[in-house]
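To start, the structure under review is shown below, and the notes come after it.
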Amino acid sequence: MVRAMGKMLEIDLTKEKIAEKRLEKDLVSKFIGSRGINAKILFDNVSPETDPLTPENYLILGAGTFVGTMIPTTGQLTITSKSPETGLYLKTNTGGHFAAGLRFAGYNIIVIHGKSKSPVSIIMEDNDVKIKKTPELWGKTIRETNNILKKDLGDFEIAAIGPAGENLVKYANIMVSVYHAAGRGGAGAVMGSKNLKAIAVRGSGEVEVDDPETVKRISLEAIEKIKDKVKAKVYLDYGTAATLTYTNESWSLPTKNFIEAHFGKCDILDGHYLVEKGYMTKGGACTACPIGCHKFSSVKNGRYRGFSGGPEYETLAAFSPGCYIENTEAVLKANELCNDLGLDSISTGGTIQWALESYERGALKEEHIKNLNMKWGNEDTVIELIEDIAYRRDLGDLLAEGTKKASEKIGRDSWKWAVQARGLEQSRVDTRSAKAYALTFAVNPRGP
């Protein structure tokens, strides 16, 4: 139906070499899409002994077989590497429009290794690919980076890191199309370790299919079926934030670092409330997606005035019930900071929760926290710690390592409330009531 995946770019940042290669038919037939092919390339080239933050690690970006067609919900980008947070296999994916841009430029996969001597960006316009020195972008936030590049280049799709990636925070994100996060496990830190600030792509081609009429018919049928689903309608109107109340009422919403499983102020964070009060608006859909769950949020006045993408369920859960914050606007600011600094919101919230409980239990001392008020629900402390993590300041430097490594460093039995597996902080579902999640987290090679 869709013609086989074809071309791959291999970029050696150390040697400043770019090579275009054909994807072998055997590789494509055995591993099919970008997730499988990316994993095969990683396991063939990166050893178990490789330090994830060295030039020898690979960073692989792959657009799937159907990306660039009208087949619904196929616009995802898969990013694969060895995780600096877990030391294990890392697969993360994200939406937006970068994957489609990659396919329209004629490529399925980008394989990056080595390390540039100074900050650079990769600029791709169809088959014209350059490694460009961009020291002026180093230190810039995600939005600043996108604004500068688009002013210089025009309408390109951009994958970039923020200060968190530059400072090698172990759970730094790569942010795609400004507000779409490739999170979980630190792909942004891998990118930062290579002195690679951004990848910008624009393509003028198209993805060919062997039977366009059949693809069109099947796609339109699928789109209609998807749009009829209740969950799709809820996501279109309220995003993933709509699931917060359901999770709370099923006593599966992790609260105060999993000490509790129900949050009394959930009503001020649910997607319905955010839309009703004007905090959240529709944000458009990812490539070829009829659901359109992505949202924008804003605070129009006051100390937390700002604008960002989201928030998603996981971010709301990490900072409100997780840290016990009862201020809607403070949680929206936490979301904005994570997006703009390039931080994984699940791990950021999880490490802060661990710190709050560690202080409460006496494991973190005054010399660790300095002048911070480490009581549950202190929004000023949480906001300050997000920035401190991204820039590795004071306590933020310890938390930037993740809960597993932080608990090992301070000791005092703090590992007992470091809620993680394989070094990765658990996503926002209480597995004491969600047993299927517990099994999934136990066997997932990436972690929870």
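The table below lists the values:
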item: From Lys151, Lys140, residue being surrounded by fewer than 24 Cβ atoms within 10 Å (Cβ to Cβ), basic (Lys, Arg) and in a helix (DSSP H, G or I); result: Lys151
item: Extreme residue, surrounded by the most Cβ atoms within 10 Å (Cβ to Cβ), among residues of the stretch 83-137 that are polar (S, T, N, Q) and within 16 Å of Gly192 (Cβ to Cβ); result: Ser83
item: Residue count, the stretch 190-222 (criterion: out of contact with any Ser or Thr (no Cβ under 8 Å at 6 or more places or on another chain), more than 27 Å from Phe296 (Cβ to Cβ) and in a loop (DSSP other than H, G, I, E, B)); result: 6
item: Flag if Lys21 is in a loop (DSSP other than H, G, I, E, B), among the basic types (Lys, Arg) and under 22 Å from Ile199 (Cα atoms); result: no
item: Scan of the stretch 23-71 for residues that are among the β-branched types (Val, Ile, Thr), modelled with pLDDT of 95 or more and surrounded by fewer than 17 Cβ atoms within 10 Å (Cβ to Cβ), ordered by number; result: Thr50, Thr54
item: Candidates Gly203, Gly165, Gly185, Gly192, filtered to the one that is surrounded by 15 or more Cβ atoms within 10 Å (Cβ to Cβ) and on the phi > 0 side of the Ramachandran plot; result: Gly185
item: Sole exception among (1) small (Gly, Ala, Ser); (2) modelled with pLDDT of 90 or more; (3) over 19 Å from Thr255 (Cβ atoms) for Gly377, by number; result: (3)
item: Selected residue (only one of Ser414, Ser407 is over 23 Å from Glu314 (Cβ atoms), surrounded by 21 or more Cβ atoms within 10 Å (Cβ to Cβ), touching a Ser or Thr at 6+ places or on another chain (Cβ under 8 Å) and not assigned by TED's automatic domain parsing to the domain that holds Gly185); result: Ser414
item: Inter-residue pairs, beta-carbon under 7 Å, first at positive phi and in the stretch 430-448, second of a type in the set (S, T, N, Q), 6+ apart; result: Gly447/Thr86
item: Looking only at the stretch 87-118, and only at residues there that are of a type in the set (A, V, I, L, M, F, W, C) and in a strand (DSSP E or B), the one that is farthest from Glu206 (Cα to Cα); result: Leu90
item: Helices (runs of 4 or more DSSP H) wholly inside the stretch 223-290 that include at least 3 residues being within 25 Å of the chain's Cα centre (by Cα), touching a residue at least 24 places away in the same chain (Cβ under 8 Å) and more than 18 Å from Ala434 (Cα to Cα); result: 230-238, 271-276
item: Within the stretch 403-432, considering residues that are touching a strand residue (DSSP E or B) at 6+ places or on another chain (Cβ under 7 Å) and not in a helix (DSSP H, G or I), the one nearest to Leu244 (Cα to Cα); result: Gln426
item: Hits in the stretch 341-371 (condition: surrounded by 21 or more Cβ atoms within 10 Å (Cβ to Cβ) and not in a helix (DSSP H, G or I)); result: Gly342, Leu343, Asp344, Leu364
item: One residue from Ile71, Ile112 being more than 22 Å from the chain's Cα centre (by Cα) and touching a residue at least 60 places away in the same chain (Cβ under 8 Å); result: Ile71
item: Residues of the stretch 289-326 classified as of a type in the set (A, V, I, L, M) and touching a Lys or Arg at 6+ places or on another chain (Cβ under 7 Å), total; result: 3
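The values are calculated or read from the model by the stated rules, or taken from the named source; none is laboratory data. All values reported here derive from a predicted model rather than from experimental measurement. Please note: Cβ atoms are built from the backbone with ideal geometry, for glycine as well, and neighbour counts cover all protein chains shown.
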